[in-house]
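Notes follow the structure.
Throughout, read-outs are computed from the coordinates displayed, never taken from laboratory work. Just so it is clear, the model here is predicted, and its values are computed rather than measured. Using ideal geometry, Cβ is built from the backbone for each residue, glycine included, and neighbour counts are taken over all protein chains shown.
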Amino acid sequence: MTTETTPAAVTTRATTTPPLRERLGDNKVLGFIGRLIKQRPMGAFGAAICILLLLTGIFADVIAPEGYNHINPIDRLKPPSAEYWLGTDQLGRDLFARIVHGAQLSVIVAFAATTLSIVISAVIGITSGYFGGRFDMASQRVVDGWMCFPDLIILIVAVSVLGPGTWQVILILGLLFGISGSRIVRSSVLSVKQNIYIHAAQSMGASTLRILVMHILPNVMAPIIVLFTTRLAAVILAESGLSFLGLGIPPPAPSWGGMLSLDGRSYMFQAPWLAIVPGVALTIAVFGINMFGDALRDMLDPRMKGAGSGRYVAAVRRDRPSSMRPAGGKAQ
Amino acid sequence: MSEAIANQPLGNASAPGTTSSLLQVDSLRTVFRQGRREVKAVDGVSFSVARGETLAIVGESGSGKSVTAMSLLRLIPSPPGEIIDGDVFFDGRNLLDMTEDELRDIRGNEIAMIFQEPMTSLNPVLTVRQQLAEPMRVHHKVKEEDIEARCLDLLRQVRIPDPETRLDAYPHQFSGGMRQRVMIAMALACEPRLLIADEPTTALDVTVQAQILELLKDLTRQHGSSMILITHDLGVVARYADRINVMYAGRVVESGTALEIFEQPRHPYTLGLINSMPRLDASEKARLIPIEGQPPDLGNLPPGCPFSPRCPFAVDQCRREDPPLEPYQGQHLKACWVNVDE
């Protein structure tokens, strides 16, 4: 009986699909996605949310062609239904369309403000940390002074000077987060610049600019990526907060924060979906960005590329002459 | 300038076969300031390196070996460090008078350096290819399309097997000895005329140490480069150095050929170093003789000879007057009042 089952077992083993890494081959992007899914499933989930957010933002006009400000007085404050998936607000505007267009606004504001803030953080942090001495002293006291003011006061003053609007919000949030973030970059630079490879680069004749760009910047990329993703989420929240206070992007623009405050708060009891839907949208977006950011930071660090080092170890083992292999058995 | 060379004690006029030395260091002084305190890390060091010669600088930790090397290329972090006096002539040009731009052309191009810690002297986020190519890109020595071939050639020279695969590896995928080989390859990329190796083998296994030193010796011989080998390991020096400078408390206390230093040490400190070194030809019962006491505080040196508090031969004069570095026999120099005869 045993002899009959053996051939079947052999054939099934032979036809099983090869491991994932082999099928993906050497394609770097696919390999990266494969490793992301395998090693960081939550990160992959976060990435999916981010992609969804981006696609929603890009194709907002296709998904909800009637626009975010199509008023329909007959269908005011309708609960979610087949016609209006997420219900309608007090002016009869489709909440789904407003959320979709709100995603577009959030994506634009979040990426623009965060990019601005990261550039500011990196420039201040790297120069201040690397040059040290009096320059560091002076620039850090300016940062201290800036950080003494509560964020909200700066925001209120800036908005009252510049007036409300999309680019104003981007500028203010970028500056605000950029200056406080420079501290994190600076502290990383302080530890990176102690490394001998920085000294070695100097001894090799590399210019200061080259050392900053080629040696310091890549080594502080991990905190910068984390900063980027946490700031991305924080900017979405801050923009919502500003709009909630009426300091952000003025209506009828479909800012998620503005929707929470203007419509959500006023009709919280008659139409709770007006508050819940933008709130949930915000939560999902922030959660997805944070998850993806954490995974990205871990995966981009070359010291954590497990597959690569395995291949080199294997290569070394093959090269080693047989005389160097452990020969304990032979000796005994 | 010719007068300056003639006047100073390590003149090369008598060195056979060389018209002038490649590197000429005259009474170099480097201090570190901590508030009011001034630490004299290098205190009037003079020496020269002939073309193709390997000079070893030996001394214990804190004797100023590394600071001397760093001062040559003005890599002393300032503040707190400062080179307060001296000249460093490289091929007739004074490195200490150069602008930062001129000096940058020399660094890595004509004078290259290898550091003590191979584990941290490569940038962890760049591939070996990027790092090997960097000196060539900085100094525009090699055309962009030839860089890859040159990188492979360098890796072969430092005997890294399978260089094609290794080129795109990251430093963490290399062992300590392999990383030091990559560092050597980087240092040789622009074919420097002088190589400064600051304790290149201290952090490595003993078996790897010998391989790395052999490699350095072979490669400098092939390229006809000079080398300054900084070490605290006398065993290393015996085999690989042509001449030896023994440093103590920021100054050179004895200088001579490797044979002179080992066969006839004339400074009590050198003698102490040799006696404290294990030897294969000594009897099994022979004990190592340590040098008693601690190295002096460089911010607060004792009067007279800095070694006098630890010196078994010290006489009254040693505690009053600082001995100059003077010829003992030809090129064999010592800074000691006492005649130590075994």
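Expressed as a whole number of Å, what is the distance separating the alpha-carbon centroids of region B:147-220 and region A:149-197? Taking the Cα centre of each part, region A:149-197 and region B:147-220 sit 44 Å apart. Can you give the log10 of the normalised intensity I(q)/I(0) at q = 0.18, 0.22, 0.27 Å⁻¹, computed with Debye over equal Cα scatterers of region B:118-189? Per q value, in the given order, log10 I(q)/I(0) is -0.59, -0.90, -1.36.
Temperature 37 °C, viscosity 0.692 mPa s: under these conditions the Stokes-Einstein estimate for region B:60-154, based on its Kirkwood radius over C-alpha pairs, is 211 µm² per second.
Measuring nothing but how far apart in sequence close Cα pairs (under 8 Å, 6+ apart) lie, relative to its length, region B:118-189 scores a relative contact order of 51 percent. Take each residue of peptide A:205-211, count the partner chain Cβ atoms within 10 Å of its Cβ, and average: the result is 5.
Annotation for region B:263-342: trypsin sites (Lys or Arg not before Pro) lying in DSSP loop with at most 14 further Cβ atoms inside 10 Å of their Cβ are B:279, B:285, B:287. Once the C-beta distance of residue A:161 and residue A:74 is scaled by a Förster radius of 51 Å, the resulting FRET efficiency is 0.75 to the nearest 0.05. Put a plus charge on the Cβ of each Lys and Arg, a minus charge on the Cβ of each Asp and Glu, and nothing anywhere else: the dipole of the protein assembly as shown about its Cα centre is then about 1600 debye. For B:267, B:332, the sequence from fewest to most other C-beta atoms within 10 Å is B:332, B:267.
Here the spin labels are modelled as points 7 Å beyond Cα on the Cα-Cβ line, and at residue A:48 and residue B:217 they lie 6.4 nm apart. Averaging Cα coordinates gives a centre for region B:230-286 and one for region A:48-108; these two points are 83 Å apart.
In a simple Cβ point-charge model (Lys, Arg +1; Asp, Glu -1; nothing else charged), region B:118-189 has a dipole of about 280 debye relative to its Cα centre.
Among B:241, B:169, B:50, determine the one that fluctuates most according to a GNM of chain B built with springs between C-alpha atoms less than 10 Å apart. Checking each option, the largest mean-square fluctuation is seen for B:169. Kirkwood-type hydrodynamic radius, region B:277-327: 13.3 Å, calculated from all non-identical alpha-carbon pairs. The helix-based estimate of mean residue ellipticity at 222 nm for chain B, built from -39,500 (n - 2.57) per DSSP H run of four or more residues and divided by its residue count, is -8500 deg cm²/dmol to the nearest 500. Overall, chain B carries a charge dipole of about 420 debye about its Cα centre when +1 sits on the Cβ of Lys and Arg and -1 on the Cβ of Asp and Glu, all other atoms neutral. Loop-resident GluC sites (Glu not before Pro) (DSSP state other than H, G, I, E or B) in region B:182-284 with no more than 15 further Cβ atoms inside 10 Å of their Cβ: B:284.
What is the calculated FRET efficiency for residue B:321 to residue B:275, with r their C-beta to C-beta distance and R₀ = 30 Å, to the nearest 0.05? The calculated FRET efficiency here is 0.70. For chain B, pairs of C-alpha atoms spaced more than 35 angstrom apart make up 24 percent of the total. Within the straight-line cut-off of under 19 Å between alpha carbons, the aspartates and glutamates reachable from residue B:141 are B:101, B:102, B:105, B:110, B:153, B:191, sequence neighbours fewer than 8 places apart in one chain being disregarded. Among A:243, A:261, A:128, the order by Cβ neighbours within 10 angstrom, fewest to most, reads A:261, A:128, A:243. Shape annotation for region A:173-244: C-alpha extents along the principal axes are 55, 16, 14 Å, from largest to smallest. Rg/Rh for region A:79-189 (Cα atoms only, Rh after Kirkwood) is 1.20. Residues A:160, A:139, B:225, arranged from fewest to most other Cβ atoms within 10 angstrom of their Cβ, appear as A:160, A:139, B:225. Over all Cα pairs of the protein assembly as shown, how is the pair count split among 20 Å bins, expressed in % and running from 0 up to the last occupied bin? With 20 Å bins starting at 0, P(r) equals 15, 35, 27, 17, 6, 0.
In region B:118-189, a dipole from Cβ-located charges (positive for Lys and Arg, negative for Asp and Glu) runs towards its positive end, and of B:139, B:121, B:165 it is B:121 whose Cα lies farthest in that direction.
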